[in-house]
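Peer 1: Let me give you the structure first, and then I'll get to my questions.
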Amino acid sequence: MTLSHIFISPGHNFVGRHGLEPENHGMLALDRVECVAGRGLRGDRFFDHKPDFKGQVTLFSAAVFRDLCEWQKNPSLAPSVLRRNLLVEHPDLNDLIGREFSLQGVRLLGAEECRPCYWMDRAIGPGAEDWLRGRGGLRCRILTDGWLTLPAVPAAHAGPAAGR
């Protein structure tokens with residue numbers, strides 16, 4: 001599994017906002033993030049959210065994101081709009097539900113699908129919630145402490161950090 005983007009947010013935009021306007025806590029793109037077992041990603045809105053929380057870290061498939069951009073006819077859609085923590089190359093994240101796996105030496109437990117909600121229609125576009133059903137990402141528990149780091153990009157291939 002390859003990691004291509006890391007995001008955290010200091011606050012919730014949608015949680016607890018039913019019937020209200022969303023908050024405006026942006027997603028912060030990071031080159032590395034500290035994973036704390038049983039607690040979450042240091043600095044993220046879900047860090048120490050509640051004991052044994054299933055969404056200590058959320059993953060989203062880069063392949064599904066590319067398909068989403070194509071479906072939306074929006075190649076400039078930023079992966080941060082999904083409000084998931086990690087964008088990874090993995091064909092089917094749902095295969096990891098109920099399984100332990102490792103990402104850069106950090107042990108994770110796939111807890112459940114990160115089901116899309118009606119806010120996706122607002123954040124991405126009409127129909128996004130339905131389109132993302134069954135491919136909304138993966139909620140995980142963090143089992144071991146460690147750091148996740150984006151791979152270094154050779155200078156010859158480095159371009160603007162669009163979407164990061």
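The values are calculated or read from the model by the stated rules, or taken from the named source; none is laboratory data. As the structure is a prediction and not an experimental result, all values here were calculated from the model. All Cβ positions, even for glycine, are placed from backbone atoms using ideal geometry, and neighbour counts span all protein chains on display. Heavy atoms of the whole protein, side chains included, go into the accessibility calculation; ligands, DNA and RNA do not. Shrake-Rupley method; radii C 1.70, N 1.55, O 1.52, S 1.80 Å.
Peer 1: Might you work out the accessible area of Ser80 for me, using a 1.4 Å probe with all protein chains in place, and round it to the nearest 10 Å²?
Peer 2: 30 Å²
Peer 1: Which length gain, in nm to one decimal place, applies between Asp67 and Ala29 when the Cα-Cα distance is subtracted from 0.36 nm times their residue separation?
Peer 2: Gain on extension, Asp67 to Ala29, equals 11.5 nm.
Peer 1: Taking the full set of protein chains and a 1.4 angstrom probe, give the accessible area of Trp131 in square angstrom, rounded to the nearest 10.
Peer 2: In the full protein context, Trp131 sits at about 40 Å².
Peer 1: I would also like to ask the following. In debye to the nearest 20, how big a dipole does region 24-81 give about its Cα centre with +1 on each Lys and Arg Cβ and -1 on each Asp and Glu Cβ?
Peer 2: Charge dipole, region 24-81, about its Cα centre: 80 debye, nearest 20.
Peer 1: Another one. To the nearest 10 square angstrom, how much accessible area does Val64 have with a 1.4 angstrom probe?
Peer 2: 20 Å²
Peer 1: Sticking with this one: Keeping all protein chains in place and using 1.4 angstrom, which order do Thr144, Thr58, Thr2 fall into by accessible surface area, from largest down?
Peer 2: Thr2, Thr144, Thr58
Peer 1: Given H placed on each backbone N at 1.01 Å, which residues far from His5 in sequence or on other chains put an amide H within less than 5 Å of it?
Peer 2: Here the answer is Leu87, since their amide H atoms fall under 5 Å of that of His5.
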